[in-house]
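One structure is given below, encoded as structure tokens.
The values are calculated or read from the model by the stated rules, or taken from the named source; none is laboratory data. Quick caveat, the model's predicted, so the values are computed rather than measured. Don't worry about glycine lacking a Cβ; one is built from the backbone with ideal geometry, like all the others, and counts go over all protein chains shown.
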Amino acid sequence: MNKIDLAYKKAELISNNNIFIPKEIKLVHPLSKSNAGPTSGSLSIGFSFYNRNIKMNVSKSKKQTFCLVKKNDIFNIEKEGEIYLKNISILPILFHAPNQAFINIENRCIYNCGFCYMPHHRFLEQYNDIRYIKTVINACKRYNLHAVVLTSGVYPNIPNIINRICLIIKMIKQEISNIPFGVEACIDNKSELLLLKKTGVDELKLNLQIADEHLFNKICPGFNYDKIFNLLEESVKIFGWGKVTSNIIYGLGESFESIINTIENLAKIGVVPTLRVVRINNFNKKKIEKILLTNLSNVDPIEILEVAKQHKRILEKNNLTTKTFNTMCHKCGCCDLVPFWDI
């Protein structure tokens, strides 16, 4: 199977995002319940096939397009009763991403972005910063994890969250200092970027979120598009070329041209965008469709593939690659079609 065929298969899995697992199948690793990212709040499972990773929501409905099957101790994925992918591996995902301690430290948020469903993670209330520190240190020592990543909702404000993140990282670094640290956070000013760098953060994700500025203003009304872009430019100066990324969520009615233009604008300043298909679920569906005044459907796998092709082309043109990252989404590869890894 060639690279494009494999990329298309992954795009189709991303587009569908759900898989049925019969009760009789015994898994080699437990299901994951992430508190961040596209599978946030749902039981999910990670797979590896031909050195590509994918994470999908686990559905209780037998009517799903995709189904996990097991025969003679070999796992396969079926599509509508026919073998779709053979001999896949089940990924161990302890903390959101394979081989990473990717932790969300705050489930509350003062912002109300249309696609977000973070407030449903009530179990985070059982944690405090000391428990996060102990959890990450123990996980790194016990499971030989290769990276630590912290993300967060914003509560009560951005400076408070940045200070908490820095304190947690400082404490972890007293015990675990020989692995890379990444942060995905909202940033308000340059001094916060400098503080994160001084604390020992190696890679940063600062999310522009939406390619189309008009849609951005509807879906993320608490943020300023130009301010985020300017802070991304400052981030590259501080963290380095190819060490800053930014989520661009698509499938919300934006034009293909706006996606490509945004990739180009970010790449020109040294940011490696993370292109992500919007995940619609029971938590955010009504809210986001009310904002957009339209019903949303799955993004066509052909479009996912074409976006990834253009993404790679633009990165190459600007001397960028996803392979400069040792933390977060480009390294994980579970939720997106990632240039240089998948295509």
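Considering each of Lys79, Lys26, Lys70, Lys10 in turn, give the residue that is among the charged types (D, E, K, R) and surrounded by 19 or more Cβ atoms within 10 Å (Cβ to Cβ).
After applying the criteria, what remains is Lys10.
Out of Ile248, Ile302, Ile260, Ile288, report the one residue that is at pLDDT 95 or above, in a helix (DSSP H, G or I) and surrounded by 17 or more Cβ atoms within 10 Å (Cβ to Cβ).
It is Ile260.
Would you be able to say whether some residue in the range 151-160 is under 21 Å from Val183 (Cα atoms), part of a strand (DSSP E or B), under 18 Å from the mean Cα position of the chain (by Cα) and not basic (Lys, Arg)?
Yes, the range 151-160 contains at least one residue that is under 21 Å from Val183 (Cα atoms), part of a strand (DSSP E or B), under 18 Å from the mean Cα position of the chain (by Cα) and not basic (Lys, Arg).
Ile103 - would you say it is modelled with pLDDT under 95, part of a strand (DSSP E or B) and closer than 21 Å to Met328 by Cβ?
yes
Between a residue in the range 179-198 that is surrounded by 18 or more Cβ atoms within 10 Å (Cβ to Cβ) and any residue that is outside any loop (DSSP other than H, G, I, E, B) and small (Gly, Ala, Ser), which pairs come within a Cβ distance under 6 Å, given they are 6 or more apart or on different chains?
Ile179/Ala147; Pro180/Ala147; Leu193/Ser235
Can you name every residue in the range 226-251 that is over 24 Å from Lys197 (Cβ atoms) and touching a helix residue (DSSP H, G or I) at 6+ places or on another chain (Cβ under 6 Å)?
Tyr250
Can you say whether Gly253 is closer than 17 Å to Glu184 by Cβ and not in a helix (DSSP H, G or I), as far as the supplied structure shows?
no
Kindly establish whether Ile238 is on the phi < 0 side of the Ramachandran plot and under 20 Å from the mean Cα position of the chain (by Cα).
Considered against the rule, which asks whether it is on the phi < 0 side of the Ramachandran plot and under 20 Å from the mean Cα position of the chain (by Cα), Ile238 comes out as no.
Would you say Ser297 is farther than 18 Å from Leu206 by Cα, in contact (Cβ under 8 Å) with a residue 12 or more places away in the chain and among the small types (Gly, Ala, Ser)?
For Ser297, the condition - farther than 18 Å from Leu206 by Cα, in contact (Cβ under 8 Å) with a residue 12 or more places away in the chain and among the small types (Gly, Ala, Ser) - is not met.
Quick check on this structure: which one of Lys71, Lys79 is in contact (Cβ under 8 Å) with a residue 12 or more places away in the chain and basic (Lys, Arg)?
Of the residues listed, the single one that is in contact (Cβ under 8 Å) with a residue 12 or more places away in the chain and basic (Lys, Arg) is Lys79.
Picking from Ile130, Ile179, which residue would you name as being farther than 30 Å from Gly253 by Cα and assigned to a loop (DSSP other than H, G, I, E, B)?
Only one candidate qualifies: Ile179.
So if I check each of Leu231, Leu252, which one is more than 18 Å from the chain's Cα centre (by Cα) and aliphatic (A, V, I, L, M)?
After applying the criteria, what remains is Leu231.
Filter the range 1-21 for residues that are under 16 Å from Lys312 (Cβ atoms) and either of a type in the set (Gly, Ala, Ser) or part of a loop (DSSP other than H, G, I, E, B) (or both) and give the result.
Asn2, Ala7, Ala11
Restricting to the range 209-227, count the residues that are assigned to a helix (DSSP H, G or I) and more than 21 Å from Ser255 (Cα to Cα).
Number of matching residues: 1.
Looking only at the range 169-192, count how many residues are under 21 Å from the mean Cα position of the chain (by Cα) and farther than 27 Å from Arg279 by Cα.
Matching residues across the range 169-192 total 3.
Would you tally the residues in the range 36-53 being modelled with pLDDT of 90 or more, in a loop (DSSP other than H, G, I, E, B) and not hydroxyl-bearing (Ser, Thr, Tyr)?
Number of matching residues: 1.
What single numbered condition from (1) in a loop (DSSP other than H, G, I, E, B); (2) of a type in the set (A, V, I, L, M); (3) surrounded by 13 or more Cβ atoms within 10 Å (Cβ to Cβ) fails to hold for Met56?
(1)
Each row is one residue, and each column tells you yes or no for (1) over 19 Å from Ala11 (Cβ atoms); (2) of a type in the set (Val, Ile, Thr).
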| position | (1), (2) |
| --- | --- |
| Glu264 | yes, no |
| Leu275 | no, no |
| Asn298 | no, no |
| Ile314 | no, yes |
| Asn319 | yes, no |
| Lys323 | yes, no |
| His330 | no, no |
| Cys335 | no, no |
